[in-house]
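Every number here is computed from the coordinates shown, using simple stated rules; none is lab data. This structure is a prediction, so every number in the text was calculated from the model and none was measured. So basically every Cβ, Gly included, is an ideal-geometry build from the backbone, and we count neighbours across all protein chains shown.
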Amino acid sequence: MSQKTDDALIALRQISRATSSGSRKLAKASAISVSQLIALQEIKRADTLSPSRLAESMSLSRGTITILMRKLEARGLVMRAPDASDKRRHFFSLTPMGETVLDDAPEMLHEKFTASFGALPAWEQSMITAALERVAALIDADELDAAPILDTGEIS
């Protein structure tokens, strides 16, 4: 392999390790996954949120959101309330315990990336995005379903 290939593979490995480390750090600090924390953040931002709106805001399928919310509900971090006008619909809101978990959670890797990336000039953001999309295509990952978060494994 060439030195450029080695450098590119090292950079990919560093990104992968940072993502795994960030997920482990969050799980250790708050005993929840990155996806679960983002769901809590989205609910807090909206005050109450329907599963379909949550799925849309997180770029996840409705089925994935159902599983995610069942886990959060079972842990007492969110509560489900029926819609006053349509009993078939329901909305999620945070419990006091969910608020505490959110307040105590460490900064997530994608939040750090968002702040740093957002500070770059538009041309550099475009260049980095194009390079990352090309790398995803080179390893046949460009067709994988992915949410705009840095997490390892399946969304759960």
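Below are the figures for this structure:
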read-out: Euclidean distance of C-alpha centroids, region 36-53 and region 86-146, integer Å; value: 14 Å
read-out: Under-5 Å amide H pairs with HIS90, H placed in peptide plane, nonlocal only; value: ASP83
read-out: Other-chain or far-sequence residues with amide H under 5 Å of VAL78's (modelled H); value: GLU73, THR95
read-out: Answer label, with log10 I(q)/I(0) by the Debye sum over Cα atoms at q = 0.15, 0.20 Å⁻¹ calculated from the coordinates and candidates [x] -0.81, -1.15; [y] -0.89, -1.33; [z] -0.97, -1.29; value: [y]
read-out: ³J(HN,Hα), Karplus 6.51/-1.76/1.60, whole Hz, each residue of region 107-124, x for Gly, Pro; value: 5, 8, 4, 5, 5, 5, 4, 4, 5, 5, 5, x, 7, 6, x, 4, 5, 6
read-out: Longest site-free stretch - the chain; sites: GluC sites (Glu not before Pro), DSSP loop, at most 16 other Cβ within 10 Å; value: 1-106
read-out: Relative contact order of region 3-138, defined on C-alpha pairs under 8 angstrom at six or more residues apart (%); value: 22 percent
read-out: Computed helical MRE - 222 nm, the chain, DSSP H runs ≥ 4 contributing -39500 (n - 2.57), nearest 500; value: -20500 deg cm²/dmol
